[in-house]
Amino acid sequence: MTDASGTVFTNQPSVQTSDDASGYYTPGAPLVDAKAPTGPIATRWTNRKFENRLVNPANRRKLTVIIVGTGLAGGSAAATLGEAGYNVKSFCYQDSPRRAHSIAAQGGINAAKNYKEDGDSTHRLFYDTVKGGDYRSRESNVYRLAEVSANIIDQCVAQGVPFAREYGGLLDNRSFGGVQVSRTFYARGQTGQQLLIGAYQALERQVAAGTVTTYTRHEMLDLVMVDGKARGIIARDMVTGAIETHTADVVVLASGGYGNVFYLSTNAMGCNVTAAWRAHRKGAYMANPCYTQIHPTCIPVSGEHQSKLTLMSESLRNDGRIWVPKNKEDCDKDPRDIPEEDRDYYLERIYPSFGNLVPRDIASRQAKNMCDEGRGVGPMVGDFRRGVYLDFADAIARLGKAGIEEKYDNLLDMYERITGENPYEVPMRIYPAVHYVMGGLWVDYDLQSNVPGLFVTGEANFSDHGANRLGASALMQGLADGYFVLPNTIREYLADGPFETVTEDHPEVVAAHEAVQARIERFLSINGERSADSYHKELGHLMWEYCGMERTAEGLRKAIDGIRELKRDFWSNLKVLGTADSLNQSLEKAGRVADFLELGELMCIDALNRRESCGGHFRGESQTEDGEALRIDEEFAYVAAWEFASAHENDPNEPQVSMGTPVLHKEDLLYTAIEMKQRSYK
């Protein structure tokens, strides 16, 4: 296919013929990324940086940028824009920017440095990322990510990030799932923490210089729109309860992902969707919300009492071998008593080329399959055993215990502290858990949403990972967006400034403030009998059961009905203790769960509409004869961008509560540099 400009595409626009979600949504106008570059893929980002207008230093001092979130994407963006001379307001709900959830990342960060001389390159990282995302990401965005990846490592080394080094002093690399080269830089199992400290130091330098002002323990509760543009936020001081208005010339959301919609996940307990969802309610499209990544190496659920799951770095799959007993009757035996010939190293058996290093979605699904067959290990939880073995015996025999300690000791120590089992002596038990989301607010090539003046970075946007994220690519995207992409794209928008000042008494600002106040009063006035946590847990059960590792049309319809019923009960039977004018975690949780309920419904509708399997989205109706994901490119090679539709005209007294039928806009995914193929890691 060739377009009017002469660009040759390797695929055709998709035409959807199935419609499992008929009646649940309204078709909308097609969506086109007007900022998408053309020309040779290797020069698109270089040309765009040159084409974007500049903002002279004197004008930068007159412009204010609000950044919500202080993780790798938000912290690095605030530091970089502050260094450039803009006035930056940085918001986080934690008591310090250093407590952002990026700190919990363990395994590493990808970069196409090819230090191992094993065939890596910018193009190979680009290809691996598009393939790993099951050909559901934009090629221009992914190539840019791969291109700037090498700069990230140089930046972080200059900041003093203590990456692991080889004996000769060179930076070390290891492999991660979905690739056959070593491109992952790491700081033992603390990579996220060390990278965040680097970004935090850069941020604090700008705080001292006076270009960045930080607002800790502040939660964004709404987006301020003036004349159709994002011009600020409404935030609650979580200590005093004060509702504050903050205006600016542009707003950047770097508020992370929404995996906690499942209740049990590897995310920090405070991670939520409220900032992004409030922007969605103000018109920002939510793209591919059903794309959820299940991480294959987490400590298994131990019972109903849990409210949090613990991640074990995917890097453990470099040296650990994953297996289950061949015979069901061996599942309750001590694994050390099961002879080698009675062990099924199923990833090595099914995927000989990649073995234990298959992508996360495949490793997770196969672990579920083993347990569904009745060959899971560990204690019974509910009806079956939820666990498979991750065994370091061979690696210890090959490298010695000291060699394994040098690579993974902090991770294995954490495992022992949580489970009481010594992984040097007994195989670890792991099971998949909700970890990351590839969906998020829709953005164009410049990282701007469809709402003018609203930019979205890191996990909060949808743009780089398609339907599945490769391990160690989250940190890469966060720092790429914050240090190198956003500073070069936001200036095209800010070049039209200085803008007219928006004051707190502007009618649209006042209306946003009053809406937030009314919503809080509504939570406090219901005075029912159930806690927000109880609703969250019930929502999580519905999401995991029907919109988790495998989805079916029947199950998704059940989930939608269940969520709608749960939402009705929430708004009539919620109990929020305390008052609004003080620290009140019950009130905070109520607002977050209300947004999760609406998000969960949209995720199920999106999953119902996409009658194909791709990456982290596995529809039971769409699989190959041997149980692998079956994509349907001729129908679904598009980005699903959902527009919020309010139903308040039918419920005039509850505009904060009601949600109408969402509108689906499709952005075609067309490729020029690669050909779409069914993924194979065998």
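Any chance you could run the full-extension gain for residue 29 through residue 205? It's 0.36 nm times the residue separation minus the Cα-Cα distance, nm to one decimal.
58.8 nm
Enumerate by residue number the GluC sites (Glu not before Pro) in the stretch 38-138 meeting two conditions: DSSP loop (anything except H, G, I, E, B), and at most 11 other Cβ atoms within 10 Å of the site's Cβ. Before the final figure, lay out each step's value.
On the way: sites: 51, 83, 117; in loops: 117.
Sparse-neighbourhood loop GluC sites (Glu not before Pro): 117.
Mind checking the full-extension length gain between residue 372 and residue 630? Use 0.36 nm per residue of separation minus the Cα-Cα distance, one decimal, nm. Don't jump to the answer; show the numbers that get you there.
Working: separation 258, 0.36 × 258 = 92.88 nm, distance 2.04 nm.
Gain on extension, residue 372 to residue 630, equals 90.8 nm.
Once you place label points 7 Å from the Cα toward the Cβ at residue 533 and residue 9, how far apart are they in nm?
5.0 nm
Per residue, how many Å² of accessible area does the stretch 1-106 show with a 1.4 Å probe?
48 Å²
With a ≥ b ≥ c taken as the square roots of the eigenvalues of the C-alpha gyration tensor of the stretch 494-634, please select rounded if a/c is under 1.5 and otherwise prolate if a/b is larger than b/c or oblate if it is not? Before the final figure, lay out each step's value.
Numbers: a/c = 3.34, a/b = 1.48, b/c = 2.25.
Cα axes put the stretch 494-634 in the oblate bin.
Given the DSSP H assignment, sum -39500 (n - 2.57) over each helix run of at least 4 residues in the chain and divide by its residue total; what's the result at 222 nm in deg cm²/dmol, nearest 500?
The helix contribution divided over the chain gives -11000 deg cm²/dmol.
For the stretch 343-368 and the stretch 605-619, what is the separation of their C-alpha centers, rounded to whole Å?
Computed from Cα coordinates, the inter-centre distance equals 21 Å.
Taking Cα pairs under 8 Å and at least six residues apart, what relative contact order does the chain come out at, in percent?
Values: 1526 pairs, mean separation 153.5, N = 682.
That works out to 23 percent.
Determine the share of the chain's accessible area contributed by carbon and sulfur atoms, expressed in whole percent, with a 1.4 angstrom probe.
In the chain, the share of accessible area belonging to carbon and sulfur is 48 percent.
With Rg and the Kirkwood Rh both taken from Cα atoms, where does Rg over Rh land for the stretch 327-456?
Using Cα coordinates only, the ratio equals 1.11.
Using 0.36 nm per residue, how much length does the chain from residue 668 to residue 353 gain when fully extended, once their Cα-Cα distance is taken away? Intermediate values should be presented prior to the final figure.
On the way: separation 315, 0.36 × 315 = 113.40 nm, distance 3.21 nm.
In short, 110.2 nm is gained.
Given (i) 1.12; (ii) 0.99; (iii) 0.92 as candidate values of Cα Rg over 2.2 N^0.38 Å, which corresponds to the one derived from the coordinates?
(iii)
Distance in nm between label sites at residue 521 and residue 501, each 7 Å beyond Cα in the beta-carbon direction?
For the pair residue 521/residue 501, the computed spacing is 3.0 nm.
Output the pairs from 282/537; 537/666; 282/567; 326/368; 333/682; 308/589 with a Cα-Cα distance over 22 Å in this structure; if there are none, say none. If you can, show how the numbers build up before the last one.
Numbers: 282/537 27 Å; 537/666 32 Å; 282/567 20 Å; 326/368 15 Å; 333/682 31 Å; 308/589 15 Å.
Long pairs (Cα-Cα over 22 Å): 282/537; 537/666; 333/682.
Suppose R0 equals 30 Å. What FRET efficiency, 1/(1 + (r/R0)^6) with r the Cβ-Cβ distance, do residue 327 and residue 621 give to the nearest 0.05?
My answer for the efficiency is 0.40.
I want to make sure I understand the PRE zone here: with the label point 7 angstrom from the Cα of residue 554 toward its beta carbon, which residues in the stretch 262-297 have backbone N atoms less than 20 Å away?
So the set is empty, nothing qualifies.
How many nm is it between the label spots at residue 422 and residue 151, if each spot is 7 Å from the Cα in line with the beta carbon?
4.9 nm
Give a quick list of GluC sites (Glu not before Pro) in the stretch 518-554 that DSSP marks as loop, anything other than H, G, I, E or B, with at most 14 other Cβ atoms within 10 Å.
Sites meeting the loop and neighbour criteria: 529.
Once a ≥ b ≥ c are taken as the square roots of the eigenvalues of the Cα gyration tensor of the stretch 1-81, is the result rounded (a/c under 1.5), prolate (a/b larger than b/c) or oblate (a/b not larger than b/c)?
Oblate.
The values are calculated or read from the model by the stated rules, or taken from the named source; none is laboratory data. What you see is a predicted model, and the numbers here were worked out from it, not measured in a lab. Quick reminder, even Gly has a Cβ in these numbers, built from the backbone with ideal geometry, and neighbours come from all protein chains shown. When the accessible area is computed, the model is the full protein with side chains, heavy atoms only, and any ligands, DNA or RNA have been set aside. Shrake-Rupley method; radii C 1.70, N 1.55, O 1.52, S 1.80 Å.
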